[in-house]
1. Please list the non-local residues whose amide H lies under 5 Å from the amide H of ILE78, H modeled 1.01 Å from N, same-chain partners needing a gap of 5 or more.
2. Just by accessible area at a 1.4 angstrom probe, what is the order of PHE79, PHE104 from largest to smallest?
3. Show MET94, MET173 ordered by accessible area, largest first, where the area counts protein heavy atoms only and the probe is 1.4 Å.
4. Dipole magnitude of the range 85-128 about its Cα centre, charges +1 at Lys/Arg Cβ and -1 at Asp/Glu Cβ only, in debye to the nearest 20?
5. Could you tell me how many degrees, from 0 to 90 and to the nearest 10, lie between the Cα long axis of helix 90-100 and the main elongation axis, the longest principal axis, of the Cα atoms of the chain?
6. Taking the full set of protein chains and a 1.4 angstrom probe, give the accessible area of TRP58 in square angstrom, rounded to the nearest 10.
7. Once ligands and nucleic acids are excluded and a 1.4 Å probe is used, how much of LEU7 is accessible, expressed in Å² to the nearest 10?
8. With the dipole of the chain worked out from charges on the C-beta (+1 for Lys and Arg, -1 for Asp and Glu) around the Cα centre, which of ASN123, SER85, ALA180 lies farthest toward the positive end?
Amino acid sequence: MRRRTGLAIAGVAALAWGEWLNWRWSRALVGSSGGVSAAVVVLGYRNPQATANLINRWRVRAGIRSIAADGAHGTCVIFSGGATSSGATEAQLMADYAKSVLEFDGTALLEDQSATTWENITNVIPLLEDVDRIKIASQPAHALKARAYLRRQRPDLAERLVRADDYRPGEWMVVKPLLAVYGLWTLRGLKADERKVSL
């Protein structure tokens, strides 16, 4: 009985830790930039099949709901991701899912050359030059990494970063501890000043 109670407490603690860390990451390296125009950058994930996979579908949903979060006019969604083994690009698969399943009929731009997160940011920069507010939609740790990369590549554009709607309490709750562990591993290469706000 004592062992069962201990396991239950450990399980609850792990869930709470994963929830807290993802919440914190979703709010790191963002500000409250104003303005009328906004762009939501949706980052792609490895996609070997001919349709958007589970992770890319979730990222698209997070990107689309990020538009409604503040009711911005003139918001565009930028789908970013290069070629997959199926021949289509991650960007195209995500855009197709947004239009055919989520019935998204807003402005969509495709960046279809990137193979890494660093390249995602490098290649979307030309599409962000005239935008007042920038949101990056992905799992919180991955989005934070992308925001840190934008800060390294273009600090002026990073000043326009605002929070995307990619964290919601209880969403993916059971896997958030695993996402937190993976996030800590992927964020280990950030510079010291970025690491302070990420942990």
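The values are calculated or read from the model by the stated rules, or taken from the named source; none is laboratory data. Given the structure is predicted, the values throughout are model-derived calculations rather than measurements. Reconstructed Cβ throughout: ideal geometry from the backbone, glycine too, with neighbour counts over all protein chains shown. Side chains are part of the model used for accessible areas, which takes the heavy atoms of the whole protein and leaves out ligands, DNA and RNA. Shrake-Rupley method; radii C 1.70, N 1.55, O 1.52, S 1.80 Å.
1. HN-HN under 5 Å from ILE78: VAL40, VAL41, VAL42, LEU109.
2. The residues order as PHE104, PHE79, largest area first.
3. Result of the area sort, largest leading: MET173, MET94.
4. With only Lys, Arg, Asp and Glu charged at Cβ, the dipole is about 40 debye.
5. 90
6. Using a 1.4 Å probe on the heavy atoms, I get roughly 10 Å².
7. For LEU7, the solvent-accessible surface is approximately 110 Å².
8. Farthest along the dipole direction, towards plus: ALA180.
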